[in-house]
Amino acid sequence: MSKPPGETGSSELPEAVATPRSRRRMQVVWLVPIIAVLIGGWLAVKTVLDKGPTITISFMTGEGLDPGKTKIKFKNVDIGVVKTVTLSRDHKGVVATAELSKDTSELLVDDTRFWVVRPRISGGTVSGIGTLLSGSFIGMDAGVSTQRRDEYVGLESPPVFASGVPGREFILKGQDMGSLDVGSPIFFRRLQVGQVTSYQLDSTGKGVTMHIFVNAPYDKFVKTDSRFWQASGIDVTLDTSGVKVNTESLVAILIGGLAFQTPDETADQAAAPASTTFALFHDRSDAMKQQDRIVDHYVLNFNESVRGLTVGAPIDFRGIVVGEVSGIHTRFDPVAKRFSIPVDVKFFPERFTSRYEGSATPGRVSKDRRELADWLVQHGLRAQLRTASLLTGQLYVALDFFPNAPKMSMDWSIDPPEIPTVPGGLQSLQDSITSLVAKLNKIPFEAIGNDAHETLHDADALVKQLNTVLAPQARDTLASAQAALDSANKALQPDSALAQNTTDAMRELTRTATAFRSLADYLERHPEALIQGKKEQGGK
């Protein structure tokens, strides 16, 4: 019999039961490679997830680009590295492939810019000096667009200002660049307030277009009526008012620059919006000229030399500039067979009514300009060339009234109509001298000279006759006259007989005169004596 399981001393042992081995049990040795695979996979996934975007940047040259070494920096922070540099398909440039950090995806938009940072000196600015030691790198400026992009064309020069800098960009159109360049400064009241950002030649080849950036808060001083001009170097102007020398600053003298100003009468206007287009003038005097809304075109026909008259010369009416010369030409009259100099002019009628009777909106003096012009010309209005400066020899056109000028009228059938002219002061003097010379040329000086020669010949013969015939007789006469004078001199001596006789005669005349005086006194007292005779003394 078997004993209960709890009893001791039992001689029977429990029977072993065989359990079959499970086929699903993994060997411990396989855990290591599995864990390694899991870790590798996680690392691979993490690498893929952490990998940033890849972009391509095209440049004209591969200078400064080194695969695996050249960094891409934004705000001086490394955000990527150049992986490869290859030639472009057309072999006109290079294409750099770069990998950027994951957190830069939002920066890669349509207007993001890239450029190679290397040492540069341009427009008076020096940049990239630090790359002399650290090597070149690619700089980036993030755009503001929302459209994503992964292919870019790199800039050949760094941008003048970074995106997000407060201020506004404007456009200037001029005839030439002068000494300007990218980075050239812009001055307002001699303060540097901006710079030139880019420029290009117009498609017509007749001018240039420049983009400028004015920093805040100075951009609010750019009004819709602001005037821009080139302040490059030293501006020396030689015109009708003499010699003028203007300069903006020492920087402008060395590297050039621009300047702008708004006329006082329009300084209260609102600030100009961004991308407003302005005209670029050569100097301040041209820029600050009064801008006229009404312009009338006329022609002045001169028959005298216009040397010293230039395009832009003023038209003066009693000291007020009312227009300017716009063109100088030559014309041949086949009927009269003579040349003349027609001068095209611009006339600004508003300048006669500026602030007229307190009006802030000047216009024409008369609604019918033809009627007014006819009246002025009929009353002697003429154009005349005058010298503005003896130093420069410049001429200007003066409008004034000449009452004694020949009567003329306007001819409105031609376009532009012609205003009559009168010769200038020097021309009148020259005409007078020419007339005098012509009259002098009519005098027969040769005949007069021949007559004078014959007269001198006759006079010479007369002198010879006087010397040979009359001179001896004249000597004898003079000798006789001298002898007579000597005799008279001796006779008039005090001790001469003539003098004694004369003295005695004078005494007798004196006594005679005394006797006559006594007789006259007696007759005055006794007029009856003329009839009765003189009474004796004591008689009654």
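Here are the numbers for this structure:
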{"quantity": "Local electrostatic count at Asp344 - Lys and Arg +1, Asp and Glu -1, tallied over other residues with Cβ under 14 Å", "calculated": "-2"}
{"quantity": "Long-range amide H partners of Phe281 with built H, under 5 Å", "calculated": "Phe228, Trp229, Gln230"}
{"quantity": "28 Å Cα-Cα threshold exceeded, pairs from Lys289/Lys367; Lys75/Lys102; Lys51/Lys73; Lys75/Lys206", "calculated": "Lys75/Lys206"}
{"quantity": "Point-to-point label distance, Asp458-Lys92, nm (Cα→Cβ direction, 7 Å offset)", "calculated": "10.3 nm"}
{"quantity": "Partner aspartates and glutamates for Lys92 [C-alpha distance under 16 Å; skip if fewer than 8 residues away on the same chain]", "calculated": "Glu63, Glu156"}
{"quantity": "Whole-Hz ³J(HN,Hα) from phi, Karplus 6.51 cos²θ - 1.76 cosθ + 1.60, for region 141-151, glycine and proline x", "calculated": "10, 6, x, 10, 6, 9, 8, 6, 7, 10, 10"}
{"quantity": "C-alpha center-to-center spacing [region 505-528, region 380-399] in angstrom", "calculated": "93 Å"}
{"quantity": "Solvent accessible area, Å² - Trp412, 1.4 Å probe, full protein context", "calculated": "50 Å²"}
{"quantity": "Solvent exposure ordering (accessible area, 1.4 Å, most first) of Val295, Val377", "calculated": "Val295, Val377"}
{"quantity": "Heavy atoms of Phe339 accessible to a 1.4 Å probe, total area in Å² rounded to 10", "calculated": "150 Å²"}
{"quantity": "For Gly257, residues with placed amide H under 5 Å, excluding near neighbours", "calculated": "Ala231, Ser232, Gly233"}
{"quantity": "Ser198 - accessible surface, heavy atoms, 1.4 Å probe, Å² rounded to 10", "calculated": "40 Å²"}
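The values are calculated or read from the model by the stated rules, or taken from the named source; none is laboratory data. What you are looking at is a predicted structure, and each value in this text was computed from that prediction instead of being measured. Don't worry about glycine lacking a Cβ; one is built from the backbone with ideal geometry, like all the others, and counts go over all protein chains shown. Protein only, heavy atoms only, side chains kept; ligands, DNA and RNA dropped before computing areas. Shrake-Rupley method; radii C 1.70, N 1.55, O 1.52, S 1.80 Å.
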